[in-house]
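As structure tokens, the structure follows; a few thoughts come after it.
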Amino acid sequence: MASELVRGPDGLALTDGNLSVRGDFTQLLPRIRRGGLSGEMLVKAARIKKMEGTQTVLDATAGLGEDSLILAAAGFRVLLYEKDPVIAALLADAMERASKEPELQEVLSRMHFTEGDSVGAMKAIAAGEAVAPEVILLDPMFPKREKSALVKKKFQLLHLLEKPCENEEELLAAALSAHPRKIVIKRPLKGAYLAGRRPDYSLKGKAIRYDCIVLA
């Protein structure tokens, strides 16, 4: 059975009749409630030290928006871009449902979603048509893993929609051209550098790492 979008009582879901995936920000509430978001590895990677005021992050490959939600909960203003129309629909639905949750309303107010290719948006920033964010987050689909067990079953559907990044050079070049103060790249722990660009430093977890390119 081909996968299709189905709307049910719990929101929009992508299903193939066996597996299904649905955006659900309420699952992240325990992490937000615990406090200590400043200790999250992603937040540490994105934070620009000694900078006052609200920092803006452009999430160029937003997916289902979970990383963006963590950043927004930590106080960042987040601009989300997702080019795949099906994933974008799931993300938009998740944000709409989350906006009705009292605990998430303030967080959602700092998240601004655009369906479309972020490469064009970053090129527009480079051309002076928009203000550059302080940080750009790149999280292209991880390369195919040899052990399928490493991919959560529900995300196998998303892999069918959005293949591992094939335009790494263009994506990174667009981010660099936008002249943010920092680019943060999410990669598998032992994965190759995006487009072969060695970062200035990396933060490593058990399964992933954040490669950080500092530009200012």
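The values are calculated or read from the model by the stated rules, or taken from the named source; none is laboratory data. Remember, predicted model here, so these are calculated numbers, not experimental data. Cβ coordinates were reconstructed from backbone atoms using ideal geometry, including for glycine residues, and neighbour counts include every protein chain displayed. What goes into the accessible areas is simple: the full protein's heavy atoms, side chains included, and nothing from ligands, DNA or RNA. Shrake-Rupley method; radii C 1.70, N 1.55, O 1.52, S 1.80 Å.
Computed quantities for the displayed model
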| read-out | value |
| --- | --- |
| Violating pairs (Cα-Cα greater than 21 angstrom) within the set Lys44/Lys83; Lys44/Lys100; Lys44/Lys123; Lys50/Lys206; Lys49/Lys83; Lys50/Lys182 | Lys44/Lys83; Lys44/Lys100; Lys44/Lys123; Lys50/Lys206; Lys49/Lys83 |
| Calculated [θ] (222 nm, deg cm²/dmol) that DSSP helices of n ≥ 4 give over the chain, each run adding -39,500 (n - 2.57) | -7500 deg cm²/dmol |
| Surface accessible to a 1.4 Å probe, Asp200 within the full protein complex, Å² | 100 Å² |
| FRET efficiency, 1/(1 + (r/R0)^6) with R0 35 Å, evaluated for Ser99 and Ser202 via beta carbons | 0.50 |
| Peptide ranges 91-97, 132-138 listed from the most packed, as the mean C-beta count within 10 angstrom indicates | 132-138, 91-97 |
| Counted charge near Asp93, where neighbours are those whose Cβ lies closer than 13 Å (Asp, Glu -1; Lys, Arg +1) | -1 |
| When the convex hull of its Cα atoms is projected in every direction, mean area for the chain (nm²) | 12.3 nm² |
| 5 angstrom amide H check on Glu134, placed H, neighbours 5+ away | Thr56 |
| Under the Karplus curve 6.51 cos²θ - 1.76 cosθ + 1.60, θ = phi - 60°, whole-Hz ³J(HN,Hα) for segment 190-205, x wherever Gly or Pro sits | 9, x, 6, 5, 5, 6, x, 7, 6, x, 6, 6, 9, 10, 10, x |
| Spread of Cα-to-Cα distances over 10 Å intervals beginning at zero, given as percent, for segment 68-120 | 26, 53, 20, 1 |
| Å² of accessible area per residue within the chain, as computed with a 1.4 Å probe and no ligands counted | 53 Å² |
| Dipole of the chain, positive end: most advanced residue of Gly39, Val107, Ala73 [Cβ charges, Cα centre] | Gly39 |
| Modelled label reach - Leu189, point 7 Å along Cα→Cβ, segment 201-216 residues with backbone N closer than 13 Å | 204-210 |
